[in-house]
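Asks: Below is one structure. I have some questions about it.
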Amino acid sequence: MNNIRRIAIVGAGVAGMALALLARQRGCQVSLYERHSSISTIGAGVTLWPNAMFVLQQMGLKQELEHMGGAPRFMRQFDQSGSRMAEFDIEEVNLLSGFPTITILRRDLMNILARALDAVGVTIHFDSPVTTHSIEALRQEFDLVVGADGRMNSVVRRVLYQDDVPPRYQGFINIIGISKVQQTLTDNAIHDYRSASERFGIVPVKGDWCYWAGAWRAELDKERPLSAWYHELHQRFRHWSGPVQHVLNGCEPASLNRIFVHDIDPLPRWHHGNVVIIGDAAHASLPTSGQGAAQALEDAWHLALLLEQEHEPEHILTTFYQRRTIKTSAAQTVGRQVAQQIFGDAGASPTASPLSAEQLSQFWMQGLTVQE
């Protein structure tokens, strides 16, 4: 008989909500704790590549996501004046993978997950911060305690590593937002504009919505007013190609956010006893990897599968780490390599993906089978 039936999950982000749903579907009792008073929508939007959509199909959410989200056909790279430099065929990699790529506003994704949890009777306990002192009580009360509490201030990671894993600032800032522009602006393609040490990405969603990020090298300065960062955004990109100007002019002001981009180094372990970390708490990668949400979803899928096995928690969590660490470490490495190419001292010209559609498909779908 499986020894893990009662699970406490700390953090109602993508990883935590996905695991809560998958574990509940397998008959586990789940308590989900969130320190904020509502679901966070930080991040503007998410690109769900085929490996993410595989997991979401197993959760029963693929159809709703396809209805709510966009389905980009290409990813195109441009220089700052709008001259096309490279193109990647998303539909080809979708065909090889057997699953679509869906782009969606983060608020819509989180609401879909929340409704799915409500449908299976999982309550999110908002305004419920978990401290390092309360983790011990959770360990005694539950069979498994899962930290899905993010890259920057993971309390559960702090318990496992005694504050020894500081997030690493990678030297660039993202200003993100949501805008409403005509669909013809992007021609149903993800747009990636680059110059030396600067980048502006535009991702179309459903209807006339898109989400975007303007990024450049910057010192970590949290004292500078947000208004100054937003002013610099407009100054830096004021002469860039027309679509960039349209997106900035059509911005939804409440969606603006400033993010000093951090990741963490690959960790030698993700658990101790019956406590484990998943998602960004365990293996935060840079947004330049394109795999943050996908790897969080894969964590939830693999851990939920292992909960069905008749083993002690130590065996299950060791197997979970061994199954996941190579792929998540690769995503972390790729994110840093792309960031260095764009934001390194020399900057970089736009280049095509070094991997073919077949290679990307093989990597993304590695380890994802229903029979696993």
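The values are calculated or read from the model by the stated rules, or taken from the named source; none is laboratory data. Everything numeric in this text was worked out from a predicted model, so none of it was measured. Here Cβ is always computed from backbone atoms with ideal geometry, including for glycine, and neighbour counts include all displayed protein chains. Quick note on the areas: whole protein, heavy atoms, side chains included, nothing else; ligands and nucleic acids left out. Shrake-Rupley method; radii C 1.70, N 1.55, O 1.52, S 1.80 Å.
Asks: In nm, to one decimal, how far is the Thr318 label point from the Arg6 one, both placed 7 Å along Cα→Cβ?
Replies: Label-label distance for Thr318 and Arg6, simple model: 2.6 nm.
Asks: Give me the accessible area per residue for the chain, probe 1.4 Å, as a whole number in Å². Mind showing how you got there, number by number?
Replies: Numbers: 15900 Å² over 372 residues.
Averaged over the residues of the chain, the accessible area is 43 Å².
Asks: Show me the chymotrypsin sites (Phe, Trp or Tyr not before Pro) within region 119-226 that DSSP assigns to loop and that have at most 15 other Cβ atoms within 10 Å of their Cβ. Walk me through the intermediate numbers first.
Replies: On the way: sites: Phe126, Phe142, Tyr161, Tyr169, Phe172, Tyr193, Phe200, Trp209, Tyr211, Trp212, Trp216; in loops: Phe126, Phe142.
Within region 119-226, the qualifying chymotrypsin sites (Phe, Trp or Tyr not before Pro) (loop, at most 15 other Cβ atoms within 10 Å) are Phe126.
Asks: For Lys180, list the lysines whose Cα falls under 24 Å from its own Cα; do not include residues on the same chain fewer than 8 positions away.
Replies: Straight-distance partners of Lys180: Lys206.
Asks: To continue, here is another question. How large is the Kirkwood hydrodynamic radius of region 195-238, in angstrom, based on all distinct alpha carbon pairs?
Replies: On the way: mean 1/r = 0.0825 Å⁻¹.
By the Kirkwood definition, the hydrodynamic radius is 12.1 Å.
Asks: What is region 40-178 by shape, rounded, prolate or oblate, if you read a ≥ b ≥ c off the alpha carbon gyration tensor as root eigenvalues and call it rounded for a/c under 1.5, prolate for a/b larger than b/c, and oblate otherwise? Spell out each step's value before the answer.
Replies: Numbers: a/c = 2.42, a/b = 1.51, b/c = 1.60.
Since a/c reaches 1.5 but b/c is at least a/b, the shape of region 40-178 is classed as oblate.
Asks: Turning to a different aspect of this structure: At R0 = 45 Å, how high is the FRET efficiency between Arg84 and Arg26 if r is their beta carbon distance? Nearest 0.05 is fine.
Replies: The computed FRET efficiency comes out at 0.45.
Asks: Which one, His125, His283, His239, has the greatest fluctuation when you compute a Gaussian network model over the chain with C-alpha springs under 10 angstrom?
Replies: Maximum among the listed residues: His239.
Asks: If you don't mind, there's one more thing I want to ask. Return the FRET efficiency for the residue pair Glu92, His36: r is the Cβ-Cβ distance, R0 is 35 Å, and the value is rounded to the nearest 0.05.
Replies: Numbers: r = 40 Å, r/R0 = 1.13.
The computed FRET efficiency comes out at 0.30.
Asks: Quick check: residue separation of Asp127 and Ala71 times 0.36 nm, minus the Cα distance between them. What number comes out in nm? Intermediate results must be reported in sequence, preceding the final value.
Replies: Details: separation 56, 0.36 × 56 = 20.16 nm, distance 3.53 nm.
Gain in length upon complete extension: 16.6 nm.
Asks: Okay, moving on. Pairing the Cα long axis of helix 14-25 with the longest principal axis of the chain, what angle in degrees results, from 0 to 90 and rounded to the nearest 10?
Replies: Once rounded, the angle reads 40 degrees.
Asks: Using a Gaussian network model of the chain whose springs link C-alpha atoms within less than 10 Å, name the residue from Pro166, Pro100, Pro287 with the highest mean-square fluctuation.
Replies: Pro166
Asks: Right, next: If you take every DSSP beta bridge fully contained in the chain, what fraction is antiparallel? Give it as a percent rounded to 5.
Replies: Details: 40 of 60 bridges.
Here the share of antiparallel DSSP bridges comes out near 65 percent.
Asks: According to the square roots a ≥ b ≥ c of the eigenvalues of the Cα gyration tensor, what is the shape class of region 1-71, taking rounded for a/c under 1.5, prolate for a/b larger than b/c otherwise, and oblate for the remainder?
Replies: Working: a/c = 2.76, a/b = 1.35, b/c = 2.04.
Oblate shape, in that a/c is at least 1.5 and b/c is the bigger or equal ratio.
Asks: Ok, one more. How large is the convex hull of the C-alpha atoms of region 237-372 per residue, in Å³? Display every interim value, and only then the final one.
Replies: On the way: hull volume 23.0 nm³, N = 136.
Given the Cα convex hull of region 237-372, per-residue volume reads 169 Å³.
Asks: Using helices alone, I'd like the mean residue ellipticity at 222 nm for the chain: each DSSP H run of four-plus residues gives -39500 (n - 2.57), total over residue count, nearest 500.
Replies: Details: 13 runs with 145 residues, N = 372.
One gets -12000 deg cm²/dmol as the mean residue ellipticity at 222 nm.
Asks: With just the Cα atoms of region 44-114, tell me how far they stretch along each of the three principal axes, in Å, largest first.
Replies: Answer, in whole Å and largest first: 41, 28, 16 Å.
Asks: Work out how far the C-alpha atoms of region 147-280 reach from end to end along every principal axis, then list the three figures in whole Å, largest first.
Replies: Computed over the Cα atoms, the extents are 54, 33, 28 Å.
Asks: Additional query: State the Kirkwood hydrodynamic radius of the chain in Å, one decimal place, computed from all pairs of distinct Cα atoms. Intermediate results must be reported in sequence, preceding the final value.
Replies: Numbers: mean 1/r = 0.0475 Å⁻¹.
Taking the inverse mean of 1/r over all distinct Cα pairs, the chain comes out at 21.1 Å.
Asks: Once you put a point 7 Å from the Cα of Gln362 and another 7 Å from the Cα of Lys180, both along the Cβ direction, what distance in nm separates them?
Replies: A separation of 4.6 nm, rounded to one decimal place.
Asks: For the chain, set up a GNM with springs between Cα atoms under 10 Å and report which of Ser227, Ser195, Ser38 has the largest fluctuation.
Replies: Ser227
Asks: Then there is this: Full-extension gain between Gln341 and Thr369, please, as 0.36 nm times their residue separation minus the C-alpha to C-alpha distance. Don't skip to the answer; put the middle values down first.
Replies: Numbers: separation 28, 0.36 × 28 = 10.08 nm, distance 3.35 nm.
Contour length minus the Cα-Cα distance gives 6.7 nm.
Asks: Further, regarding this structure: Express in nm, to one decimal, how much length is gained between Leu256 and Asp187 on full extension, taking 0.36 nm for each residue of separation and deducting their alpha carbon distance. Each step should come with its number before you reach the end.
Replies: On the way: separation 69, 0.36 × 69 = 24.84 nm, distance 2.39 nm.
Taking Leu256 through Asp187 to full extension adds about 22.4 nm, to one decimal.
Asks: Inverting the mean 1/r over all pairs of different Cα atoms, compute the Kirkwood radius of region 231-292 and quote it in Å. Kindly include the intermediate steps, with their values, before the conclusion.
Replies: Numbers: mean 1/r = 0.0660 Å⁻¹.
It is 15.1 Å.
Asks: With label points built 7 Å along Cα→Cβ from the Cα atoms of Leu355 and Leu226, find their separation and express it in nm.
Replies: Here the answer is 3.5 nm between the modelled labels.
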